[in-house]
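What follows draws every value from the coordinates through simple rules; no lab data is involved. Bear in mind the structure is a predicted one, so any value in this text is a computation, not a measurement. Note that we place each Cβ from the backbone using ideal geometry, even for glycine, and neighbour counts take in every protein chain shown.
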Amino acid sequence: MTDVVDAGTALGRPIKRKEDARLLHGQTNWTDNIQLPGTVHMAILRSPLAHAKITHLDVSGALAMPNVVAAFGAAELGELNSSVPCVWPVTDDMVAPDFPALAKDTVHHVGDCVAVVLATDAVSAADALEAMSVDYEPLQAVVNMESAISPGSTLVHEDKGTNTCYVYNLGGGYDEKVKEADVVIKRRFINQRLIPAFMEPRSVVAAPMGMSDEITMWTSTQIPHILRLLIALVTGIPENNLRVIAPDVGGGFGGKLQIYREEILVAQLARKLGRPVKWTETRSEDMVATHHGRDQIQDIEIAAKSDGTLVGLKVDLKANMGAYLQIITPGIPLLGMFMYPGIYKMDAYDFQCTGVFTNTTPTDAYRGAGRPESTYAIERIMDELAAELGMEPMELRRKNWIKHEEFPYTTIAGLTYDTGNYELATARALELFDYEGLRAEQKSRRDSGDRVQLGIGISTFTEMCGLAPSRTLGALKYVAGGWEHCTVRVLPTGKVEVITGTSPHGQGHETAWSQIASSILGVPVEDIEVVHSDTGRAPYGMDTYGSRSLAVGGQAIKEASERLVEKARVIAAHQIECSPEDLEYVDGVFQVKGDPEKSQPLGAVAFEAFTAHNLPDGVEPTLSAEATIDPQDFSYPHGTHLAAMEVDTETGKVTVRKYVCVDDVGVQVNPMIVEGQVHGGVAQGIAQALYEGANYDEDGQPQNANLSTYLIPSAPDLPSFITDTTCTPSTTNPLGTKGVGEAGAIASTPAIINGIVDAIRHLGVNDVLMPATPMTVWKTIQAAQGGK
Amino acid sequence: MIPVAFDYKKASSVEDALAALAEGGEDAKLMGGGQSLVPVLRLRLNAPSVVVDCSSIPELKGIKDEGGKIVIGAGTTHHAVMNDPAVKSSLKVLADATASVADPQIRHRGTLGGALAHSDPRADQPPVALALDAEFTIAGATGQRCVAAADFFQGPFETAVGPDEILVSIAFPKLDGWGGHYEKFNRAAQAWSIIGVAAAVRMEGGKIAEARIGLTNVGGTPHRASAVEQALVGASSIAEVEAASMYASDNLSPFADEDADVDYRLHLARVLTARSVAKAAGIS
Ligand SMILES: Cc1cc2nc3c(=O)[nH]c(=O)nc-3n(C[C@H](O)[C@H](O)[C@H](O)COP(=O)(O)OP(=O)(O)OC[C@H]3O[C@@H](n4cnc5c(N)ncnc54)[C@H](O)[C@@H]3O)c2cc1C
């Protein structure tokens, strides 16, 4: 770890995560572990067809089964059949089909919800599904995006008259500028569909709370606060009567940044039946009913001068929405829109995105959300341009990237990158990688015609995260703010509560937030409890996604902690009988400057504030402070990732031989957590490059919707990553932090594919489809060699 | 992922298990380690009314060195098989193939007999049993019978074991002094084979004197590459091994799936056979 700025006692130290003992031992409150007396279990009848009319549905057979309490189709559910909301209408004329919790007369994708049954145990509920009677009249499925938007295509939603959700445009100067270019290359990249596949399947419990009007929902979500608001809005449950708790959540990757129809159903049915209702998905359900990610066709064109200077970029994107719009489905590709130019300077940029409906599972945020797709496209095409120009790919990048002395820099996409140092991160990465040595080995393998060829893949990425300020999000038509809240309380015993509006699902906020508060309050990390993810205990918050928690929420913790110290200083001065300015605050104790014997520890101040027997005039009892922070701008982590890829040209099998990444995530609160996030992210990006890809056949049937055929790599498939960091503190927030949650997943995918292409370019290959399975790579080589 | 309700009976002897099978009739199902059966039940692809657990039957467990052959009880776990000294020295290819199955947790529960009786076309041990001419002892109401490997595997998930029978043990002729290797080709460390090639080779004076080769996942049942075995006799160089391995795709009619279409599977069969034989023979 290098260049960590140590801003206080606990800040910047790689301390072990305090939540890990309970998480790793399973001694915790996963939603499915919650057992309330009188619970009924919900099971869902799902469509086996991608597109069909429901010609007959009779749930009464289920009612006759043992232990069944109730069963509903859309007709029986009536007014309680609320629709799933979409909160990102990206254009004024965006087409938004109705998305009822239970399909009304037509099913639109395999896994679409048709009916539910509730029984006193989960086994009876599963059995009763088989007693329902349903008939479908199959309709033609729309699967391929390009045919979906061709004239005469079958419509996913007949009543909408089109399969185009929206068309979004940015820029406009490219066609004029391109005339100045010496070289123009065009490519089509496919960012395949991915399934989030978090470890803990979704689970929801909703219960009416005794004699009160309150309904409490426990749900495995990333967004308890937003969920409460939206569930209240769509179900009519008064928001003040709804309490949402996200207990420990086992991963999300964006897949739990959602309001799911199952959550709506459980809330409505708990209210209707007056008893707790529980639903936990099976993995088979998860693979078709949790939203998917990516799935874009990218037609990209880049123009340059013969010396490599970039002239402009043009992107024509088709983004698969799936069958319905989930909360931010249409906005995901537009998050990528800003990032196509990457770290490079150019004079023109045109972007168009067409959102397309198909009879497939809806897409939405998945680790990186739009930014991995754009980063993939720009970093891939930079390599292709280098090959076209006969330039070393790093040299081409160096020639065009924003120099460190040019920050802040406003890109052609309109973002202002506040800080960064691409030279520094790259120099460090090249050194750790032994770039020259590997290039030499690559040459000798080529010369000897070795069966195993070596390639080097480069990705010099940046991304935008910590979506803020709220005003900017408003301009993007995103129906939520970008602020975050924190309350810090010192209890009468001196213990501290940090109450945050962020909602961790594996990231280690309890430790990192304690470190921030500890560094300001001088209280040991162990004495700080981070309270989160419970709308009954935490103030309003904006939850956790888009690498925002530290870059936004962390600032609120810092600010609230500082405000608390100032309040405590006034009380301590009153106790010591001096003026507040005479006090210094050292390791949790206020002491008179030059006379440290005269002192008051924070705990004593807190007790005084609690009894309020002797507070100075105008000071309110209790020792707490709050802050709501809306940062000035996004933050822009960046880094240089290098992959050495071996390709067995005889079988097509590829191996990641070496992976080096140097990331700049600004100031680090806990370098160990940063490293963990980088490792997980890099692995997930490699998974897209080499392993994962959700496929449908032409009837819209999923081809690999299970974990035996949808391959997720594990530790034995990956090399030991060599990681390091540089630090250019962000200037958009007072801690100087940037986000790290998505960086690895954004950076690694193009590094891997660039490495594969580099290994076999001399065989005539200039692209490989993802995932680069052995067969895909072998067939690509065969085709380039003039075989079939 | 919730199975249909079933009765559960834990058998204490082969006799006991046979009686339970007879009583349960068509709807009874034997369970060894449960590593293939339980997923099938959870996906509701099969709904037996009674599951007869034979994981605690002493007669089905253990590995015996019986002079010319090694006899392995059907209920012996993968973990026990791959770590057994006699298996490691006399049946290296079996130890290798077994070590490549799934992950340690599964290998501590899954059994050799279960894997062979399940006869998944992708499984790693069936091609070893076929190539090594293993003999299967099967118990039924009328006593025990012996079936040769060539007759045992009858189709995908179909073997010579009848619904009211139990696989008791598998006898492998010892291959002392032979080289062995299992070449597993898959996409991720814990994934099923796209193709696997089991090879056992006896060398004499630097040349291949005898070879046994079995392939998995190139059809509904494991495949014995007899033509390659014959062509390999006398081979001493990698070029000769590769030339002989070209016959590996003879008489194959593999299926296509997401991992491999027909062309690619035939290609892999040839390439991986050569690699497996070369490693077994120590030829590079
Ligand atoms: C995640 C996962 C990955 C796997 N990966 C691989 C892999 O890479 N390669 C591989 O080869 N296998 C793999 N397997 C399968 C594994 O090897 C199983 O252990 C094996 O297939 C079945 O053995 P079992 O004892 O668990 O049998 P069970 O699951 O108990 O039974 C399987 C079948 O055999 C029958 N049966 C069991 N015992 C007997 C008996 N004594 N007589 C007659 N019939 C019997 C049962 O009735 C059932 O039909 C994997 C399994 C899992 C869950």
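Quickly rank B:176-182, A:573-579, B:267-273 as a protection proxy: mean count of other C-beta atoms within 10 Å, highest first.
Details: B:176-182: 19.4, A:573-579: 15.9, B:267-273: 25.1.
For the peptides B:176-182, A:573-579, B:267-273, the packing ranking is B:267-273, B:176-182, A:573-579.
From the phi angles alone, apply the Karplus equation (6.51, -1.76, 1.60; θ = phi - 60°) to region A:19-28 and give each ³J(HN,Hα) in whole Hz, x where the residue is Gly or Pro.
Residue by residue, region A:19-28 yields 7, 5, 4, 6, 5, 6, 8, x, 7, 8 Hz.
Just grab the label-to-label distance for B:SER237 and B:ALA209, each label 7 Å out from Cα along the Cβ direction, in nm (one decimal).
About 2.3 nm, to one decimal.
For region A:639-664 and region B:184-260, compute the distance between their C-alpha centroids and round to whole Å.
Taking the Cα centre of each part, region A:639-664 and region B:184-260 sit 30 Å apart.
Enumerate the lysines that A:LYS104 could reach by cross-link, defined here as Cα to Cα under 22 Å, with residues fewer than 8 away along the same chain left out.
By straight Cα distance, A:LYS104 reaches A:LYS53, A:LYS160, A:LYS272.
Quick one: if you stick a label point 7 Å off each Cα along the C-beta vector at A:LYS186 and A:VAL619, how many nm between them?
7.2
Leaving out same-chain residues fewer than 8 places away, which lysines sit with a Cα under 21 Å from that of A:LYS779?
Counting by Cα, and skipping residues close in sequence, A:LYS779 has these lysines nearby: A:LYS653, A:LYS788, B:LYS184.
So which of B:LYS10/B:LYS61; B:LYS29/B:LYS64; B:LYS69/B:LYS279; A:LYS399/A:LYS443; A:LYS18/A:LYS256 end up more than 19 Å apart by C-alpha?
Over 19 Å Cα-Cα: B:LYS29/B:LYS64; B:LYS69/B:LYS279; A:LYS399/A:LYS443; A:LYS18/A:LYS256.
Over all residues in A:696-709, what is the mean tally of Cβ atoms on other chains that come within 10 Å of each residue's Cβ?
For this peptide, the per-residue mean of nearby foreign Cβ atoms is 1.
Take A:LYS477, A:LYS16 and order them by how many other Cβ atoms sit within 10 Å, fewest up front.
Least to most surrounded, the residues fall as A:LYS16, A:LYS477.
I'd like to verify something in chain A: which complete DSSP H helices, judged by Cα projection on the helix axis, reach 24 Å or more and average at least -1.0 on the Kyte-Doolittle scale?
A:371-389, A:555-576, A:671-690, A:743-760
Count of lysine pairs in region A:475-631 with Cα atoms under 20 Å apart, counting only pairs 8 or more residues apart in sequence or on different chains?
Lysine pairs meeting the criterion: 5.
Once you put a point 7 Å from the Cα of B:MET246 and another 7 Å from the Cα of A:LEU170, both along the Cβ direction, what distance in nm separates them?
With each label point 7 Å from Cα toward Cβ, the separation is 5.7 nm.
By per-residue mean of other Cβ atoms within 10 Å, what is the highest-first order of A:37-49, B:120-132, B:86-98?
Highest to lowest by the protection proxy: B:120-132, B:86-98, A:37-49.
Would you tally the net charge around A:GLN140, using a Cβ to Cβ cut-off of less than 15 Å, leaving A:GLN140 out, and scoring K and R as +1, D and E as -1?
Surrounding charge for A:GLN140 is -4.
Tell me which chymotrypsin sites (Phe, Trp or Tyr not before Pro) from region A:454-503 have a DSSP coil assignment and no more than 12 other beta carbons within 10 Å of their own.
Details: sites: A:PHE461, A:TYR478, A:TRP483; in loops: A:TYR478, A:TRP483.
Taking region A:454-503 and a limit of 12 other Cβ atoms within 10 Å, no loop chymotrypsin sites (Phe, Trp or Tyr not before Pro) are found.
Relative contact order for region A:569-702: what percent, with Cα pairs under 8 Å and sequence separation of 6 or more?
Reported as a whole number, the value is 12 percent.
As a footprinting exposure proxy, order A:PHE607, B:PHE152 by other Cβ within 10 Å, with the fewest listed first.
Listed from fewest to most nearby Cβ atoms, that is A:PHE607, B:PHE152.
Could you name the aspartates and glutamates in cross-link range of B:LYS88, using Cα to Cα under 16 Å and dropping any fewer than eight places away on the same chain?
B:ASP65, B:GLU66, B:ASP96, B:ASP176
May I ask you to evaluate 6.51 cos²θ - 1.76 cosθ + 1.60, the Karplus curve with θ = phi - 60°, for each residue of region A:166-176 and list the ³J(HN,Hα) values in order in whole Hz, giving x for glycine and proline?
Each residue of region A:166-176 in turn: 6, 10, 10, 10, 9, x, x, x, 4, 4, 6 Hz.
If you take the beta carbon distance between A:GLU130 and A:THR655 as r and set R0 to 56 Å, what does 1/(1 + (r/R0)^6) give as a FRET efficiency, to the nearest 0.05?
Numbers: r = 46 Å, r/R0 = 0.82.
Efficiency, rounded to the nearest 0.05: 0.75.
Evaluate peptide B:259-267: per residue, the Cβ atoms of other protein chains within 10 Å of its Cβ; return the mean as an integer. Mind dumping the intermediate values first?
Values: counts 5, 4, 2, 0, 6, 9, 1, 0, 6.
Counting Cβ atoms of other protein chains within 10 Å of each residue's Cβ and averaging gives 4.
What is the sum of charges, Lys and Arg at +1 and Asp and Glu at -1, for the other residues whose Cβ falls under 12 Å from the Cβ of A:SER730?
Its environment carries a net charge of -2.
What are the membrane-span-like helices in chain B by this rule: whole DSSP H runs, Cα extent along the axis at least 27 Å, mean Kyte-Doolittle hydropathy at least -0.5?
B:262-281
May I ask you to order A:85-91, A:519-525, A:30-36, A:446-452 by the average number of other C-beta atoms within 10 Å around their residues, highest value first?
A:519-525, A:85-91, A:30-36, A:446-452
Could you give the distance between the Cα centres of region A:411-466 and region A:561-605, to the whole Å?
That distance is 52 Å.
Within 10 Å of each Cβ in peptide A:228-240, how many partner chain Cβ atoms are there on average? Round it to a whole number, please.
Taking all residues of A:228-240 together, the mean is 0.
Give me A:THR28, A:THR611 ranked fewest to most by other Cβ atoms within 10 Å of their Cβ, as a rough exposure proxy.
A:THR611, A:THR28
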